[in-house]
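The structure appears below as structure tokens.
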């Protein structure tokens with residue numbers, strides 16, 4: 001663990017900062033899942049059109 005010259009940990013964090021990070025990750029994950037679902041849907045539509 002890294003310490004500052006006075007001995008305090010250099011990597012300090014607040015719980016609210018961690019919560020914000022978790023919330024941001026969750027939001028990003030939801031966005032990715034929506035995009036994946038949309039991409040899958042479009043691929044299926046393309047396959048149907050090619051099959052006609």
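No lab work stands behind these numbers, since they all come straight from the coordinates. Fair warning: this is a prediction, and the values are worked out from it, not measured in the lab.
Calculate, in nm to one decimal, what residue 43 and residue 4 gain on full extension: separation in residues at 0.36 nm each, minus their alpha carbon distance.
On the way: separation 39, 0.36 × 39 = 14.04 nm, distance 5.34 nm.
Between residue 43 and residue 4, full extension yields 8.7 nm more.
Note the full-extension length gain between residue 31 and residue 19 as 0.36 nm times their separation in residues minus their Cα-Cα distance, in nm to one decimal. Spell out each step's value before the answer.
Details: separation 12, 0.36 × 12 = 4.32 nm, distance 1.83 nm.
Length gained, residue 31 through residue 19: 2.5 nm.
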